[in-house]
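Each value in this text was obtained by applying a stated rule to the coordinates, not by laboratory testing. What you are looking at is a predicted structure, and each value in this text was computed from that prediction instead of being measured. Every residue, glycine as well, gets a Cβ built from its backbone with ideal geometry; the counts of neighbours run over all protein chains shown.
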Protein chains: 2
Amino acid sequence: MTNPSQYPLMVVGTVAIDSVETPFGKRDRVFGGSASYFSYAASFFSPVELIAVVGEDFPAEYRKILEERPIGLEHLTVCPGKTFYWKGKYESDLNTAHTLDTQLNVLLEFKPKLQANREPEYLFLANIDPTLQLEVLNQVKRPKCKFVACDTMNFWIEGKPGELAKVLKRVDMVVVNDGEARLLAKEANLIKAGRKIQNLGPGTVIIKKGEHGALLFHEERFFSLPAYPLEDVFDPTGAGDTFAGGVMGYLTKTGDLDFDHFKQALAHGAIVASFTVENFGLDRLRTLRNSEIEERLNHFKELCHF
Amino acid sequence: MTNPSQYPLMVVGTVAIDSVETPFGKRDRVFGGSASYFSYAASFFSPVELIAVVGEDFPAEYRKILEERPIGLEHLTVCPGKTFYWKGKYESDLNTAHTLDTQLNVLLEFKPKLQANREPEYLFLANIDPTLQLEVLNQVKRPKCKFVACDTMNFWIEGKPGELAKVLKRVDMVVVNDGEARLLAKEANLIKAGRKIQNLGPGTVIIKKGEHGALLFHEERFFSLPAYPLEDVFDPTGAGDTFAGGVMGYLTKTGDLDFDHFKQALAHGAIVASFTVENFGLDRLRTLRNSEIEERLNHFKELCHF
């Protein structure tokens, strides 16, 4: 049993069962969820504790997948009922997922509790109801917890703008995709949108652009990272969450929050995400070695420095 | 009068009168056209000869704009009739132009003639009918003309695929935007699309992605350049043509066609284009100094190296 203090990074989010269809195939009931992908990716850089809820149907083999890594599972709670289920289909361009079915199930009962002996230095609030994100923030001791980041989605931006505004005022960083950024900032130009979102609270904003890379707004500074070029994107599910996991894992590992470390963190996140999409679910990450991450990272630099 | 041999770079394309509406304003009958934008941008790096046709209504003041720069105008021919006219409107996201009116006018009579004493080392076939591009290629002496590049558009990709295929087999480089690349390669993934287009002939392919930057496929090698971040895009007209002008101008200036020079050429093209869109038509480029290009280029490197 790992000592709780060994988890300097914590993620609160969803653990799910996904059914996914891409132009390359179809998989039923694969292991998914924002916190699963995030923690698996982050674990390449730092031990990470996962706070989430699953139902009684959650397969033992999926828990074992997380146990392969330095991921704290003591608060992966089992509740009566079924695990959160998502079914989606990607069009041929792989850019947009069409949700075919969402069953919240035990997620409706999720009341994340941070115990007194669990005080992460780095915290990631994955894409869940901003009301829950606020409940977690209310339990976090600042400044001991030195860096809090969150994700969100269109559903909450449109459905719970008041709660989300409160979350944004209290986090250090937000990670959103380009569509979410435009919606949140009510601004088509992404550079302006990033600056506007900073004005909503977080000093650091990351805008993910999928095949076009990512933008970083860090205080007054700006950084643009292209995407690692991939000819075969097999399944985009989890790309955003593993990107965030790589970013947060790298920041936690280095313990440094200056601009240069943020730039490196984005590059590490992009590389982990580039592996994720090479196979269904967590399949590719399960065979990934840190040496492969370093190797691709070096190649990446060659591809975008001039 | 400049000696024709002083023009190592030549562009064949359109000189036009544009009426443009953007969310920031409306301008009637401004100076436009692919060859105008291209040559003005290229002239920051190399003298350039412009081969195009205008009508009797072409304003003397527009010719004077080109005369501000080392641009050869001896073959900017005046034909009976009216100058090519384009009217377009940009939506609030500035990404797509809706064509409201196109009057080809004298363009219908355009028969580009390269005289014997005009043998450019570098040639750019701007976006015109591939039949005309082929006529120019038939007049070019290889290997004295050591590098030929072309542009094209959806209209020709769909309307004249046979002629375009012949052009592509005979050029060294093609510059297209992301939508054109996908259409030309019949492939959604841009990395695969770039490789497929290389297989159609040109050893070098540039895919422009607007606010997301550009991709370079050069023989076996690949390079990804983000866009220079701009909060205020005033008028996107001419961005692609001035990008190409900067790329070709830089290549001509250095006289070197290795991978590193192509990378630098893309960066120079992106910077010139970033100035273009800051005002209507050629207005911004007319006050641009080379020192400003260098300054922004240095800033650009800081923004995307890690």
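Miscellaneous remarks
- Cα gyration tensor category, rounded, prolate or oblate, for chain A with a/c compared to 1.5: rounded
- Cross-link partners for A:LYS208 among the aspartates and glutamates, with Cα-Cα distance under 12 Å and sequence neighbours closer than 8 places in the same chain left out: A:ASP151, A:ASP178, A:GLU180, A:ASP241.
- Residue pairs, from the table A:LYS89/A:LYS192; B:LYS192/B:LYS263; A:LYS64/A:LYS169, whose Cα atoms sit over 27 Å apart: A:LYS89/A:LYS192; A:LYS64/A:LYS169
- Of all aspartates and glutamates in the structure, those lying under 17 Å Cα to Cα from A:LYS113, and not within fewer than 8 positions of it along the same chain, are A:GLU49, A:GLU74, A:GLU121, A:ASP129, A:GLU135.
- Region B:192-257 and region B:64-88 have their alpha-carbon centroids 25 Å apart.
- Inter-centroid distance (Cα atoms) of region B:117-162 relative to region A:101-167, Å: 57 Å
- Considering only A:VAL48, A:VAL140, A:VAL247, the mean-square fluctuation computed in a Gaussian network model of chain A, springs between alpha carbons under 10 angstrom, is largest for A:VAL140.
- Note on B:VAL78 and A:ASN290: their simple-model spin labels are 7.4 nm apart, each label 7 Å out from Cα toward Cβ.
- Table column - 3J(HN,Hα) (Hz), region A:73-78, Karplus curve with 6.51, -1.76, 1.60, x for Gly and Pro: 10, 4, 10, 8, 7, 9
- Helical runs assigned H by DSSP (4 residues or longer) give chain A a calculated mean residue ellipticity at 222 nm of -11000 deg cm²/dmol, each run adding -39500 (n - 2.57) before division by the residue total.
- Members of A:LYS144/A:LYS253; B:LYS141/B:LYS186; A:LYS141/A:LYS253 lying beyond 23 Å, as alpha-carbon distances in this model show: B:LYS141/B:LYS186
- Extending 7 Å from the Cα toward the beta-carbon at both A:LYS146 and B:ASP258 defines two label points whose distance is 4.4 nm.
- Given charges at Cβ of Lys, Arg, Asp, Glu: region B:204-263 dipole, positive-most of B:ILE206, B:GLY245, B:LEU230: B:ILE206
- Looking at chain A alone, DSSP beta bridges between its own residues are antiparallel in about 40 percent of cases.
- Listed residues B:VAL175, B:ALA16, B:LEU123: farthest to the positive end of the dipole of the protein assembly as shown (Cβ charges): B:LEU123
- Shape category assigned to the protein assembly as shown from the gyration tensor of Cα positions, a/c cut at 1.5: prolate
- Simple spin-label estimate for B:ALA188 and B:SER92 gives 2.8 nm between the two label positions (7 Å along the Cα-to-Cβ direction from each Cα).
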